[in-house]
Amino acid sequence: MTTLEPEAGHHPRVPAAGHHRDVNGGWLRPAVFGAMDGLVSNVALMTGVVGGAVSNSTVVITGLAGLAAGACSMAAGEYTSVASQRELVQAEIEVERLELRRNPQGELAELAQLYASRGVDPDLAREVARQLSADPDRTLEVHAREELGVDPNDLPSPWVAAGSSFVCFAVGALLPLLPYLLGATSLLPALLLSMAGLFLCGAVVARVTARTWWYSGLRQLVLGGAAAGVTYLLGALIGGQVG
Ligand SMILES: [Zn+2]
């Protein structure tokens, strides 16, 4: 998976006073990175076999297989990752639930201590903790939020994560295939379309980071182009040996 480092030295474009951009990037970030993964991996795969001088139908079959294999692998990986994270969090929430049942006073003191450690006056911290612990259902939620940093009623779904990474990867992987499916007989239209797609993905990612759109677009273009170049060379080298 591609990671996104926070970019220092640029002023973030904050939409309105008192509002923040979604620092996780919301759905846009995983969607664009998923599509970019599909695009880079499939254009590199197809360029590789073209380097090995194979027929157009082989290029298309390779591209379709690459799309299917990549989308399934991304979905399976995402499912496992989100499901295991979710199970870990649920186990910790269960620990907290038991602890709240067994030792409510100790948990109340722990919560008050937490607010006091953040700078709230000790008496006020005890009062805040007491009021937040009035409703047993809400108490668990408060403890989960404060101690685990999660909302127990809003844990990410592994199926949604798997489904969306499958679709995003497939969309990206389809791009270099499109010209062939529409009748192109050389790699050039697929390359041009893929480069345009890479630039677009990079530019869209710039909306999440604080980088300018053209810098982010060019960076993606160069990285994707390098991946395709490497596989083309490998394809040409190996194709010359086995062909
Ligand atoms: Zn607790």
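The values are calculated or read from the model by the stated rules, or taken from the named source; none is laboratory data. As the structure is a prediction and not an experimental result, all values here were calculated from the model. We place every Cβ from the backbone using ideal geometry, glycine too, and count neighbours over all the protein chains shown. Areas reflect the complete protein model, heavy atoms only, side chains present, ligands, DNA and RNA absent. Shrake-Rupley method; radii C 1.70, N 1.55, O 1.52, S 1.80 Å.
Tabulated data for the structure shown
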{"item": "Output for region 193-214, where each listed residue is part of a helix (DSSP H, G or I) and loosely packed, with under 15 Cβ neighbours inside 10 Å", "result": "Ala196, Trp214"}
{"item": "Test: residue in region 148-167 that is within 13 Å of the ligand (Cβ to nearest atom) and surrounded by fewer than 16 Cβ atoms within 10 Å (Cβ to Cβ)", "result": "yes"}
{"item": "Checklist (1) more than 14 Å from the ligand (Cβ to nearest atom); (2) open to solvent by 30 Å² or more (accessible area, probe 1.4 Å); (3) in a helix (DSSP H, G or I) applied to Gln105, failing item", "result": "(1)"}
{"item": "Residues located in region 215-243, provided they are open to solvent by 90 Å² or more (accessible area, probe 1.4 Å), under 20 Å from Leu200 (Cα atoms) and touching a residue at least 12 places away in the same chain (Cβ under 8 Å)", "result": "Leu223"}
{"item": "Selection from region 49-74 of residues that are more than 16 Å from Leu177 (Cβ to Cβ) and either open to solvent by 60 Å² or more (accessible area, probe 1.4 Å) or within 16 Å of the ligand (Cβ to nearest atom) (or both)", "result": "Ala53, Cys72, Ser73"}
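Listed here are the residues, each with its yes/no results for (1) assigned to a helix (DSSP H, G or I); (2) within 16 Å of the ligand (Cβ to nearest atom); (3) open to solvent by 70 Å² or more (accessible area, probe 1.4 Å).
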position	(1), (2), (3)
Ala76	yes, no, no
Val82	yes, no, no
Glu87	yes, no, yes
Glu92	yes, yes, yes
Glu110	yes, yes, yes
Leu114	yes, yes, no
Leu124	yes, no, yes
Thr139	yes, yes, no
His143	yes, yes, no
